[in-house]
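These notes are about the structure you will find just below.
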Amino acid sequence: TNLVEKSNADFPSGDPRMYQLDVTLRRGQNLAARDRGGTSDPYVKFKLGGKEVFRSKTIHKNLNPVWEEKACILIDNTREPLYIKVFDYDFGLQDDFIGSAFLDLTSLELNRQTHITLSLKDSHYPDHDLGNIVLSVLLAPREEQREGTMLMRKSWKRSSKVTKNYDVLPNMPSRTGNLWHRIYCPSNCVLMTLFCVSSNQNHETGFQTQSLRLSDLHRKSQLWRGIVSITLIEGRELKAMDANGLSDPYVKFRLGHQKYKSKIMPKTLNPQWREQFDFHLYEERGGIIDITVWDKDAGKKDDFIGRCQVDLSNLSKEHTHKLEMPLEEGEGCLVLLVTLTASAAVTISDLSVNSLDDQKEREEILKRYSPMAMFHNMKDVGFLQVKVIRAEALMAADVTGKDSFSKSDPFCVVELNNDRLLTHTVYKNLNPEWNKVFTFNIKDIHSVLEVTVYDEDRDRSADFLGKVAIPLLSIQNGEQKAYVLKNKQLTGPTKGVIYLEIDVIFNAVKASIRTLMPKEQKYIEEENRLSKQLLVRNFIRTKRCIMVLINAAYYISSCFDWDSPPRSLTAFLLFLFVVWNFELYMIPLALLLLLAWNYFLIISGKDNRQHDMVVEDMLEDEEEEDDRDDKDSEKKGFMNRLYAIQEVCVSVQNILDEVASLGERIKNTFNWTVPFLSCLAIVALFMFTIILYFIPLRYIVLVWGISKFTKKLRNPYAIDNNELLDFLSRVPSDVQLMQYHELKPDPSHSPSKRKKNNPG
């Protein structure tokens, strides 16, 4: 009753055809009980190629559920089995696994419906009877399906969320004279195209026209002409919005599509923020920054306190302006520092014209970031050049018609922090060639370069095709490399590779100093939401960090109990020696020796750093949950009616994440995960050891206290920061390491490597 006999259907290994698999999930039989009452609340997932393509509804308290649900799945490789997993739903907890089974697609006969009963198995309990799943399946070539069928694999069609705020880029005339209106929202990387066809031209001809070269207007529309730096100092005598006569104020800034949000200052009418934000200035004549002040309210809509505007056309450049802005429609004022500076060297060009290939320009760039220029313009840390060459074997996002089901209209978005540039679109092509060169100025060497490929759609938001995230410190200069595209959460591969060639030149002294300063904030992002998988993940990460301390305490306790006499004797002698000879400088010296010991283990081949499979599995589950949340985002569920509880849970979730990330970053500092930061830590610890050895502690504390007490007197508008926490914020956590991990491309996509002289 379980296995499907081998059919005579022929599935050659190189079969280029597409297939449609129609699956009817009939029922379950004698499923395993996972709840205390001897029942289960089962639901079923279908996965193909590691991606969830179907999820059934949940049948409550039933071991013989009847679903009768249908799913249509697009198949491009019949040798890839369909993975079926059954779970027991638990509200507020992690769902219990019931069992799984595989459906071998090559065993199916084409164009014939087959009824199948699959026995569920669990590799941990191979002898247990976990029940059966009954299916009806029909596999047929895509060409033989009726016209108009819309088929999408979930992992093939990943749409970006549409926002209401768009910036309209200048129109791009095509070769036929038709007009493409491109609407681009950089904060969400959404590109929409409105196609206007001339009355005397054919629509199909215009649609197939490719724009192989960026027009001057399109190129200029992406390049900013200046940087606006705003320091939010404080608020004075704001309006009380709460019953206790106080407010919990925060500020929102908006310039075009760029948005920032300040931190919330609880229970005050005179908040002190001391935060800095940078905007890109696209207009030559300036622009207007809209500023609104809000009172945070848990469980209901935030209260509006007031608004004001800053007209940048009235401010002189290269000068810091102190502004006291009274709030309209409210009470009080905001104190700001606003500085306008000229734009950094951000450019877009064709592959034949780029800065580093010109010997004269290359020498100027190297001179700009040489050690001799270490104290000139401390915010300009380095130079980044990205060559976006081509992509291969991308997803087929357009699946609605017979002629276009296997094509996409890909374009590429290149991001470095808040700097975003994009290529032109190559229409109806799964192997596009862009051959574009982008240059950026680096403000933080610990930034991550993100390259995302989208499919342009004329009538809706762009579809996500794949993404890569590349830390700048991991880049090998002058090497053309194939990067395997990942999913949105960067947790696993998706279809296709992209070929990039990247060069990084930076000043190490500036980069080191910048490491001890606050990180640049991103534009306002989506609010954190309650996620069961994310909450569980952060709890497990925090538990692992705490367990390290507990195990260390057990180890010390075992020394006291003389469980191992040689070890206890050694520990006792070491204790006597250290306590008798202890000096304060020995603390950084011990940390310095720990760094040196881990470095010795790495170079000797005894690396104790492990690939974190636990985090990877949790991230995969989180991705599936995010996909379900995207699909059900418009439904008003039970959690929306418990907003206040959800907000508390989100706060707990974020606190767990911060605690776990802090522990992981400390570990990764000593593990030499980022050699640049570990070397910087060695220099700092060496200096602290020398200082503590030669200078009495009272003098050090005296200098530190005087510096702290006089800081606001010396610089009233200085932004508060903690150098140690700023340093640790640059060290990646285990989750970030998983996201930045470079996947190995298929051997057939091995690029030709071209080495250059390494400027760094």
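The values are calculated or read from the model by the stated rules, or taken from the named source; none is laboratory data. Quantities reported herein were computed from a predicted structural model and do not represent experimental measurements. Positions of Cβ are generated from backbone atoms using ideal geometry, with glycine treated the same way; all protein chains shown enter the neighbour counts. Side chains are part of the model used for accessible areas, which takes the heavy atoms of the whole protein and leaves out ligands, DNA and RNA. Shrake-Rupley method; radii C 1.70, N 1.55, O 1.52, S 1.80 Å.
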**Complete:** Cβ-Cβ cut-off under 13 Å around Arg236, Lys and Arg +1, Asp and Glu -1: the net charge is -3
**Stretchable slack from Arg307 to Phe582, in nm (0.36 nm times residue separation minus alpha-carbon distance)** = 93.1 nm
**Prompt:** If you count, for each residue, the other Cβ atoms within 10 Å and average over each peptide, how do 698-705, 65-72, 669-676 line up from highest to lowest?
**Reply:** 669-676, 65-72, 698-705
**Prompt:** Nearest 0.05, what FRET efficiency do His319 and Leu725 give at R0 = 41 Å with Cβ-Cβ as r?
**Reply:** 0.85
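Please report, to one decimal in angstroms, the Kirkwood hydrodynamic radius of segment 226-341 built from all distinct Cα-Cα pairs.
14.5
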**Request:** Note the full-extension length gain between Val683 and Val353 as 0.36 nm times their separation in residues minus their Cα-Cα distance, in nm to one decimal.
**Result:** 114.8 nm
**Request:** Quick one: what are the phi-derived ³J(HN,Hα) couplings along segment 48-56, Karplus 6.51/-1.76/1.60 with θ = phi - 60°, whole Hz, x for glycine and proline?
**Result:** 9, x, x, 10, 6, 10, 7, 9, 7
**Message:** Rounded to the nearest angstrom and ordered from largest down, what semi-axes does the equivalent ellipsoid of segment 18-142 get from its C-alpha gyration tensor (root of 5λ)?
**Reply:** 26, 14, 13
**Complete:** Gyration tensor (Cα only) of segment 68-134 to equivalent ellipsoid, semi-axes in Å sorted down, yields 25, 15, 12
**Complete:** Reduced to Cα centres, the span from segment 542-570 to segment 648-696 in Å works out to 23
**Asked** Which order do Arg665, Arg34 take when ranked by solvent-accessible area (1.4 Å probe, heavy atoms of all protein chains), largest first?
**Response** Arg34, Arg665
**Accessible surface, 1.4 Å probe, highest first, among residues Met517, Met395** = Met517, Met395
**Request:** Could you order peptides 560-567, 52-59, 119-126, 434-441 by the average number of other Cβ atoms within 10 Å of their residues, highest first?
**Result:** 434-441, 52-59, 119-126, 560-567
**Prompt:** How far is it, in nm, from the label point at Ile706 to the one at Phe694 when both lie 7 Å from their Cα along the line to the Cβ?
**Reply:** 1.8
**Fill in**
Violations at 31 Å Cα threshold for listed pairs Lys61/Lys543; Lys252/Lys317; Lys367/Lys519; Lys261/Lys467; Lys387/Lys443; Lys267/Lys322 -> Lys61/Lys543
**Prompt:** Among Ile75, Pro65, Thr117, whose Cα lies farthest out toward the positive end of the dipole of segment 18-142, if unit charges sit on the beta carbon of Lys, Arg (+1) and Asp, Glu (-1)?
**Reply:** Ile75
**Item:** Computed lengthening from Ser370 to Glu328, 0.36 nm per intervening residue step minus Cα-Cα distance
**Value:** 10.2 nm
**Prompt:** For segment 18-142, what % of the accessible area comes from carbon and sulfur atoms, probe 1.4 Å?
**Reply:** 46
**Request:** Could you rank the peptides 546-554, 95-103 by their average count of other C-beta atoms within 10 Å per residue, with the highest value first?
**Result:** 95-103, 546-554
